[in-house]
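Written out below as structure tokens is the structure these notes cover.
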Amino acid sequence: MAVNKEAYLQIKKELDAKNVTLVAVSKTKPASDILELYELGQRDFGENYVQELVEKAEQLPKDIRWHFIGHLQSNKVKYIAPFVHLIHGVDSEKLLKEINKQAVKLNKAIDVLLQIHIAQEETKFGLDEGELNLIISQFENLKIENAIIRGFMGMASFSEDMNLVRSEFQMLKRLFDKVNAQYAMINDQFSTLSMGMSGDYAIAIEEGSTMVRIGSLLFGARNNEQ
Ligand SMILES: *Cc1c(COP(=O)(O)O)cnc(C)c1O
């Protein structure tokens, strides 16, 4: 299926009006599809697989802001550290430390989001509230100065039950507000709440999302998921 430019323009307009950032999720789609949206002005793109992201970043314009939204293994951080704009799926202290280490090596800062587990499904990655509190409570001791925590990312249950989805987004927003108020040391830079995908982004925005990750509505269904 071709890139849906009409859908893009409409969604982009809707999100701009609400000050929500659109990350166009281009995983499994060719570079030519990305360029079609790039030519319409889109600059934020999201990818799930390290090798695919590295290959696309080499081929495509350098002013694209690449978001890594998949599950990131610590040993692969080094491949994306030089150019990645935002890493959404940080779900362990180990990964956070490794991102910091690579950022220090490159003498730069890398922006990250902590992924919080909000869905009912067991399969979704993410920190639970206890793990989150542990990371944040020892944040100063961890000496993580080059991995900058900008906020949270979450994925709701893959469900038809929109009340369930909404309640999960509400839970994440409450946690986001609580952490924001409680932990002054990350306060001034803690402003991104990445939640909402093709099927649930409207609800996510109603519940306080500042960044949505939309793939299939823009690029069509994925039939070759890795
Ligand atoms: C694939 C993916 C998306 C986009 O999903 P769509 O339903 O196609 O919009 C968003 N977030 C994450 C983490 C993904 O893996």
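Values for this structure:
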item: Selection within region 167-202 - in contact (Cβ under 8 Å) with a residue 12 or more places away in the chain, part of a helix (DSSP H, G or I), open to solvent by 20 Å² or more (accessible area, probe 1.4 Å) and within 14 Å of the ligand (Cβ to nearest atom); result: Tyr201
item: Condition check for Ser26: under 17 Å from the mean Cα position of the chain (by Cα), open to solvent by less than 10 Å² (accessible area, probe 1.4 Å) and either in contact (Cβ under 8 Å) with a residue 24 or more places away in the chain or over 22 Å from Gly154 (Cβ atoms) (or both); result: yes
item: Any hit, region 72-83, residues being under 18 Å from Leu217 (Cβ atoms), within 12 Å of the ligand (Cβ to nearest atom) and open to solvent by less than 20 Å² (accessible area, probe 1.4 Å); result: no
item: For Leu218: the one exception among (1) under 22 Å from Ile69 (Cα atoms); (2) assigned to a helix (DSSP H, G or I); (3) away from the ligand (no atom under 11 Å from the Cβ); (4) touching a residue at least 12 places away in the same chain (Cβ under 8 Å); result: (3)
item: Filtered residues of region 14-40 (kept if under 19 Å from Gly196 (Cα atoms) and β-branched (Val, Ile, Thr)); result: Val20, Thr21, Val23, Val25
item: Given (1) basic (Lys, Arg); (2) open to solvent by 30 Å² or more (accessible area, probe 1.4 Å); (3) within 13 Å of the ligand (Cβ to nearest atom), index of the condition Arg150 fails; result: (3)
item: Tally of residues being open to solvent by 20 Å² or more (accessible area, probe 1.4 Å) and either of a type in the set (Asp, Glu) or touching a residue at least 24 places away in the same chain (Cβ under 8 Å) (or both) across region 106-125; result: 10
item: Residues being over 13 Å from Ala147 (Cα atoms) and in a helix (DSSP H, G or I) - total across region 79-122; result: 2
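Yes/no matrix, rows are residues, columns are (1) within 12 Å of the ligand (Cβ to nearest atom); (2) modelled with pLDDT under 95; (3) over 25 Å from Ala81 (Cβ atoms); (4) assigned to a loop (DSSP other than H, G, I, E, B):
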site	(1), (2), (3), (4)
Glu6	no, no, yes, no
Ile11	yes, no, yes, no
Lys27	yes, no, no, yes
Glu36	no, no, yes, no
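The values are calculated or read from the model by the stated rules, or taken from the named source; none is laboratory data. Only a predicted model underlies this, so the values are computations on that prediction, with no experimental measurement involved. Using ideal geometry, Cβ is built from the backbone for each residue, glycine included, and neighbour counts are taken over all protein chains shown. The area values use the complete protein model at the heavy-atom level, side chains included, leaving out ligands, DNA and RNA. Shrake-Rupley method; radii C 1.70, N 1.55, O 1.52, S 1.80 Å.
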